[in-house]
1. Among ALA281, ALA252, which is the only one that is in a strand (DSSP E or B) and touching a Gly at 6+ places or on another chain (Cβ under 7 Å)?
2. Any idea which residue in region 215-225 is farthest from ALA461 (Cα to Cα), counting only those that are near the ligand (Cβ under 8 Å from one of its atoms) and either without any contact (Cβ under 8 Å) to a residue 12 or more places away in the chain or not in a strand (DSSP E or B) (or both)?
3. In region 343-384, which residue that is part of a strand (DSSP E or B), of a type in the set (Val, Ile, Thr) and in contact with a Ser or Thr (Cβ under 8 Å, 6 or more places away or on another chain) is surrounded by the most Cβ atoms within 10 Å (Cβ to Cβ)?
4. Name the single residue that is farthest from the ligand (Cβ to nearest atom) among those in region 147-166 being in a helix (DSSP H, G or I) and small (Gly, Ala, Ser).
5. Specify which of the listed residues (LEU66, LEU118) is outside any helix (DSSP H, G or I), more than 30 Å from GLY20 (Cα to Cα) and either out of contact with any helix residue (DSSP H, G or I) (no Cβ under 6 Å at 6 or more places or on another chain) or in contact (Cβ under 8 Å) with a residue 40 or more places away in the chain (or both).
6. Can you pull out the residues in region 408-446 that are within 14 Å of the chain's Cα centre (by Cα) and either part of a helix (DSSP H, G or I) or surrounded by fewer than 15 Cβ atoms within 10 Å (Cβ to Cβ) (or both)?
7. Taking the options ASP97, ASP117, name whichever one is surrounded by fewer than 18 Cβ atoms within 10 Å (Cβ to Cβ) and under 26 Å from GLY277 (Cβ atoms).
8. Hey, can you tell me all the residues within region 230-243 that are in contact (Cβ under 8 Å) with a residue 24 or more places away in the chain and near the ligand (Cβ under 7 Å from one of its atoms)?
Amino acid sequence: MESIPMIIDGRPVMSGSTLGVINPVDGKVFAEVQRATPVHVDQAVAAARAAFPGWRETPLAERGRLLHALADAMHAEMPALMEMLTRESGKPLGGLDGVGSGMEVGGAVAWMHFTADLDLPVELIQDDAEARVEVHRKPLGVVASITPWNWPLLIAIWHVVPALRAGNTVLIKPSEFTPLATLRFVALANEILPPGVLNIVTGNGDVGAAMAVHPGIDKIVFTGSTETGRRIMRAAAGNLKRLTLELGGNDAGIVLPDVDVAAVAPKLLAATLHNNGQTCACLKRLYVHDSIYEALCTELARLAQALIVGDGLLPETQLGPLQNREQLAIVEELAADARRQGARILCGGQRLARPGFFFLPTIIADATSGMRVVDEEQFGPLVPVILYHDIESAIAAANASENGLGGSVWGQDAALAGTLAMRLECGTAWVNTHGAIQPDAPFGGVKQSGIGVEFGRHGLAEYTSLQTVKAMK
Ligand code: NDP
């Protein structure tokens, strides 16, 4: 089996110890990557630090040109990258509602092109007979990116590209579960960028922990669980690292009584189940008015039962396996807890009888707060449907969560839905859609869902510090 090297200072690096990468379709190891030690983290930080002055001084237009070239190189490899992503993550090539590896690679390329042209011009505060006062944006230095397994390539691009665009150098650690597409992305980058500008180390959470305490790293950008985010924040205090933390979500959607049940059900299903529910901003709790409750539950169950679950490499597959064995166990426990507490499992509720980490799409009626599937961030193909009578109680229940990533309101009266959506305590409020992100609009969480934002000019600013320059006349 091929053993894929890390890349430090533009060179392939083997560590002498490896980790297997498992295909969630059959639970078998199909590739091997390096298990980094703290020494490799030191080497990668040293390489990034040495490359920083040269990259910072590289003109913005040239940095942009190189990032566009990298996006083109990824585009040229799109079919191979899609297959690699499907093998390591389990997500289908196409997927439910077109959400699969094709969208992940295509989205990564589009995001790179957009971000390659972003700019933060000098802000002029004062220019009069007394003085000229300008505010400049400066890169921070060495940025460390720690990524999760649910959207490994797209999230890597979200972290790395704005950091590079702003003039920082980068060290990335992908999740041990899904390192392959990120390794390929970094290999392509190292054919285009100067050595040391983008480095990659692989391994488990210990490698991330070594990065979080490292005094040579100026900023951490992390996407993953709230608990690990807290750990990183504590560890990062030693040298006051800047942080962008995109953490867990438990997004609520409120369905108003005026919806057309048949028209809205497929949209709600796609928003809850795409990528098997393994997306931070998936719709994870559905609050439905009593006047349409049974009709919507029945329609959701009918649609969910018809979904094609299987090997993501097959073109007809809509949902693949869950990404890892641990996640499958969590999902199984959450479904069992709901059943024990009196919820009605309208469909699914169990593993698929085949090898691999498959769990059937599951509609859970009569879900209530107090059930783990409602109260916790659930990362699986589970759709808890909660009944409400009056809108005030629905909004209160939606907001009664420590998370605050996204939220949505669904209804035909768009003005009313918009007003209600803005009362949700979350970083992004959607109306008649959910999880619809875009490269020019900031995205981030409030409450325990994170710190800071990604995307667009607001996201780019997170990779800079401000310098005020005041010149007397
Ligand atoms: P984690 O948050 O633990 O993992 C995310 C990344 O952090 C991985 O690269 C991981 O490495 C790394 N990491 C783990 N421990 C540390 C540490 N102490 N310091 C620095 N980095 C670390 O997520 P899990 O994979 O454990 O998933 C658990 C739950 O988290 C899921 O059930 C889901 O609810 C939630 N989750 C949320 C995501 C989101 O997008 N909001 C994404 C993924 C998970 P490694 O994988 O190699 O251990």
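Every number in this text was worked out from the coordinates using simple rules, so none of it is lab data. Values in this document were obtained by computation on a predicted structure and should not be read as measured data. FYI the Cβ positions are ideal-geometry reconstructions off the backbone, even for glycines, and counts take in every protein chain you see.
1. ALA252
2. Only one residue fits best here, namely SER225.
3. Per the stated criteria, the residue is VAL383.
4. Going through the qualifying residues, I end up with ALA163.
5. Answer to the selection: LEU118.
6. Passing the criteria: ALA436, GLN438.
7. Within the list ASP97, ASP117, the selection yields ASP97.
8. Listed by number, the residues that qualify are ILE232, ALA235.
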